[in-house]
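The values are calculated or read from the model by the stated rules, or taken from the named source; none is laboratory data. Keep in mind the model is a prediction, meaning the values are calculated, not measured. Neighbour counts run over all protein chains shown; Cβ positions are idealised from the backbone, glycine included. When the accessible area is computed, the model is the full protein with side chains, heavy atoms only, and any ligands, DNA or RNA have been set aside. Shrake-Rupley method; radii C 1.70, N 1.55, O 1.52, S 1.80 Å.
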Protein chains: 2
Amino acid sequence: MKKSFLTLTALVTACAVGSSPLAAQASTASDAATALKSVADRALANDMLAWDFVEGITTEVGPRQAGTEAERRGRDWAMAWLRAHGFVNVADEPFEMETWVPGDIHRAEIVSPFPQPLVVQPLGGSASTGLEGITAEVVSFDNVAALQAAPEGSLAGKIAYISHAMTPTQDGSQYGFAGPARWIGAQLAKDKGALATVIKSVGTDYHRNPHTGGTTFRTPEGGSDVGRPVPTPAGALTLPDAANLERMFARADGRPIVMKLTLTPENLGTTTSGNVVGEIAGRNPALPPVLLACHIDSWWNAPGAIDDGAGCGIVAAAALNVAESGKPLRTIRVLMAGAEEVGLLGSSAYSEAHIDEKIGVGLESDFGADRIWRFESNFRETNEHLHNRLAASVARFGVANSDIVARGGADLNISRDQGGAIIDLQQDGTRYFDLHHTPDDTLDKIDIVQLRQNVAVWTQVVGILANEPRAIQTGAPIPVGLPTMGGS
Amino acid sequence: MKKSFLTLTALVTACAVGSSPLAAQASTASDAATALKSVADRALANDMLAWDFVEGITTEVGPRQAGTEAERRGRDWAMAWLRAHGFVNVADEPFEMETWVPGDIHRAEIVSPFPQPLVVQPLGGSASTGLEGITAEVVSFDNVAALQAAPEGSLAGKIAYISHAMTPTQDGSQYGFAGPARWIGAQLAKDKGALATVIKSVGTDYHRNPHTGGTTFRTPEGGSDVGRPVPTPAGALTLPDAANLERMFARADGRPIVMKLTLTPENLGTTTSGNVVGEIAGRNPALPPVLLACHIDSWWNAPGAIDDGAGCGIVAAAALNVAESGKPLRTIRVLMAGAEEVGLLGSSAYSEAHIDEKIGVGLESDFGADRIWRFESNFRETNEHLHNRLAASVARFGVANSDIVARGGADLNISRDQGGAIIDLQQDGTRYFDLHHTPDDTLDKIDIVQLRQNVAVWTQVVGILANEPRAIQTGAPIPVGLPTMGGS
């Protein structure tokens, strides 16, 4: 790990603010707000904390597939970084999981009439074809609806191919439009008799890097397989390969397109994953903390820079920046969840373990590193004053207020389960699905100027939240003995 | 193969021009020039011939590694296309070659201190590491000059890594600046004792698709290996992986970076490649033909859309368009060379076989499919009138005249060997080295609007050349009985 000189300076400054005469000078709410604003503005200009985190974890750890030794190294690395930067109560909270790994061989070869290799990677949860592969005719579907309409049994002995037509959008909403091809396509094809499924990658770029991601198979209700899903082999072609396959259908004049698909994923059985937590201790530990979430795992095929090394860097940097502006009233807790990609397992484990510890408000960063453009909360109607104060505080960074109700990201299960306050700081997703779940999710894709805007917005918002004495969701006084602002 | 309705229409029209009263009407040079201009303008608006060729060969054949069965299918496909579109004297001119194939396993894993996989592909001509791979410390060099300066023997037992700093340029000239890392780096490292070499891909994009290409090993002058080069394993990392490796050196605090490199290329021994030729017959077969060159082979890792399916599509389309404007005076010969990527073998074989048949002028298209921006010839001083007439004819397509002396592309060995006339229609190479020799060289990268500009410019230039009765290089009369313009 590379220690950041800036960071050490920042911590020294933070300590000075908390313990010297300067603290007394900052004892009014107005002074605290000014200090916070100044730290957020400085983050916009030159933050290096978030970059240092994401550069470090992508370089020194690399890919961090859930449940594997690489993910464990990711947790160890993150804990060392958090401790080195002054977080307290840093811990690895373990949980068990069923672990799938992709194996070594990922091939999709057209056997006839136009023999050539296509680029494929398995979907998370895919079965193995065995080394001998599966050779079968491909049946093409324009989308999931067309597959759903196929007659029962019509795919017996076949490989299903599922297309879609996803385009980039700023809010990322076409992921929901195209995503079912991956999420449920393989099970649907299996229901019609298919031996295996290949999909057009759920993504928007034209590079030969498949977009993986989990696919879901149903768990049978009876028989020897009761209790666990029974997958078929399932893979994603790149968009150029999918386009090529579709042109083959157009040029084959009805001749069958035969593919040999070889995918060799494995199930490792039960292994251990874990959630990394760490805190900036608040002045009043009795107040519900501010929870900042991200996830530490990535898919195997990339070092997970935008998904979600950047998110963890952003939330950690924001927590440190808030500390630099003065010790916060509430504790700020960072949750770097494990095993998000394979089914939000860390988020569920965290909620289960901590459901009785009230969270004040939850926020997550898990949509890349491009600029934040919209502020959303789920308490606009119940605590309009705070909602509007937060939104106004980040307007200078180009962030608009919104009446969309925040629902929180994948790692905020606990906030949803508690029915608690949630804020979504929406990032620009125009480029996100060019990179999401592909080998191309590497550090160079992060624009440091936009990354810094994220840190600035998060610093500003978390700083206000962490110094809010009233209940965030309702604005009601919290019946505990509170210290005065700036007091100990 | 998909037959193009447009093409059939074009051929019918061409026949009509050659045999009906319309031909008599086009019997003046002015009318012929008008007809040619019209056909070129139409190509700019809506040419589908070049697209049909490159779509077809990339879809129905795919990758076409020199000397392999896939390259043979490429030749067969191209010959069928040429015949279907009305070319005559279509043939496959075979030659023998030593054939290298990449094998199945291409892995570069950092073993310590930051274990993780990097994305690598072998360079053409690389030796195999064997399935067990080579595990060794990596020694990093900023560029070839730094490697050259390394002491003799200093790389014994090591893997050399060679970086560079190439940026996109319109004229592609930084290929010459960065290229030596690939062309000679592995031999230089071997000379210093290295077991193997990995280079930063010679390219300008940040996707996880390595740029392969040939690397050259010296042929020993004595010993049992006399007569053939003795390679070491050599591979190319993607730019994101190279950047990651360089960051590892920065973060390792002097700890050795250990890599396990596994590359399993194979030498197939002597196999057959070939050159595809085809002609649009001219009215006077005694006049030296106009030679339009491109290459049919590609690297194994991509279907070769910009390198060089597009080039073959452009030259074939131009020849057909010229025929559509009226039967040309000179024969137009298309040369789709084999085995260009591995050392211009087809170009050499063609020159050797045909050195005694004078070529009137040679042109090649092998730099992608982006727009032509500059006209160059090697007869500007010896036949200024024709040079300037040609340059003026394509000014309307945004092509500038130039006093740079054309040297011709890879497949014009015969023109250079004969000391003949050469024209270079320079394409915009800004995007070229994002794609060159990578898996990303796929059809979707071709901008049909710019492809059509290429066809229009080629049609205009080839049309003038194919109707030029005087020696192209000198402007001198050619002492043979010439038919009048538009005659039979």
If you wrap chain B's Cα atoms in a convex hull and average its projection over all directions, what's the area in nm²? 23.0 nm²
Within the accessible area of the range A:46-87 (1.4 Å probe), percent carbon and sulfur: 55 percent
List the residues, sorted by chain then number, that are 5 or more residues from residue B:93 or on another chain and whose placed amide H is less than 5 Å from its amide H. B:275, B:276, B:277
Sorted on mean Cβ neighbours within 10 Å (highest first), peptides A:447-455, B:355-363 come out as A:447-455, B:355-363
Its Cα gyration tensor gives the range B:321-377 an equivalent ellipsoid whose semi-axes in whole Å, largest first, are 22, 19, 11
Rounded to the nearest whole Å², what accessible area per residue is found for the protein assembly as shown with the 1.4 Å probe? 36 Å²
Please express the shape of the range A:89-162 as an equivalent ellipsoid: the semi-axes are the square roots of 5 times the eigenvalues of the C-alpha gyration tensor, given largest first in whole angstrom. 33, 19, 12
Loss of accessible area when B meets A, both sides summed, Å² nearest 100, probe 1.4 Å: 2900 Å²
Scaled by the rule-of-thumb 2.2 N^0.38 Å, the alpha carbon Rg for the range B:363-487 gives a ratio of 1.16
Of all DSSP beta bridges in chain A, antiparallel share, percent nearest 5: 60 percent
Rounded to a whole number, the mean other protein chain Cβ count within 10 angstrom for residues of A:239-248 is 4
Put the label 7 Å from Cα along Cα→Cβ for residue A:137; what are its distances to the other copies, in nanometres, shortest first? 6.0
Are there trypsin sites (Lys or Arg not before Pro) in the range B:373-413 that DSSP marks as loop and that have at most 16 other Cβ atoms within 10 Å, and which are they? B:407
Within-12-Å neighbourhood charge of residue B:120 [Cβ basis; K, R +1; D, E -1]: +2
How large is ³J(HN,Hα) for each residue in the range B:86-103, as worked out from phi by the Karplus curve 6.51 cos²θ - 1.76 cosθ + 1.60 (θ = phi - 60°), to whole Hz, x for Gly and Pro? x, 5, 10, 6, 6, 8, 10, 9, x, 8, 9, 8, 8, 10, 10, 10, x, x
Tell me, what HN-Hα J-couplings in whole Hz come from the Karplus equation 6.51 cos²θ - 1.76 cosθ + 1.60 at θ = phi - 60° for each residue of the range A:204-211, using x for Gly and Pro? 10, 9, 10, 10, 8, 10, x, 9
Students often forget the sequence filter, so: which lysines lie under 26 Å Cα-Cα from residue B:358 once same-chain residues fewer than 8 apart are removed? B:327
When Rg is the radius of gyration of the Cα atoms in the range A:158-269 and Rh is its Kirkwood radius, what does Rg/Rh come to? 1.00
I'd like the GluC sites (Glu not before Pro) in the range A:365-461 restricted to DSSP loop residues with at most 15 other Cβ atoms within 10 Å, sorted by number. A:381
The range B:326-423, convex hull of Cα, quarter of hull surface, nm² -> 7.3 nm²
Debye-sum result for the range B:22-111 in log10 I(q)/I(0), which assumes one identical scatterer on each alpha carbon, at q = 0.13 Å⁻¹: -0.71
Compute the acute angle (0 to 90°) between the alpha-carbon long axis of helix A:69-84 and the principal axis of greatest extent of the alpha-carbon atoms of chain A; round to the nearest 10°. 10 degrees
By the mean-Cβ-within-10 Å protection proxy, highest first, A:56-69, B:109-122 rank as A:56-69, B:109-122
Taking placed amide H atoms and a strict 5 Å upper bound, the residues 5 or more places from residue A:377 or on another chain that come that close are A:406, A:424
Inter-copy label distances at residue A:246, 7 Å along the Cα→beta-carbon direction, one decimal in nm, shortest first? 3.7
Complex-versus-alone comparison for the range B:424-471, residues with a loss of 10 Å² or more in accessible area, probe 1.4 Å: B:439, B:440, B:442, B:443, B:444, B:445
Rounded to whole Å, sorted largest first: equivalent-ellipsoid semi-axes of the range A:424-475, Cα gyration tensor: 31, 13, 8
³J(HN,Hα) computed for each position of the range A:374-380 - Karplus, 6.51 cos²θ - 1.76 cosθ + 1.60, integer Hz, glycine/proline x: 8, 9, 9, 9, 10, 10, 4
Return the ratio Rg/(2.2 N^0.38 Å) for the protein assembly as shown, where Rg is computed over Cα atoms only. 1.07
Distance between the C-alpha centers of the range B:238-271 and the range A:368-392? Whole Å please. 46 Å
Accessible-area composition of the range B:332-406, carbon plus sulfur, in percent [1.4 Å probe]: 50 percent
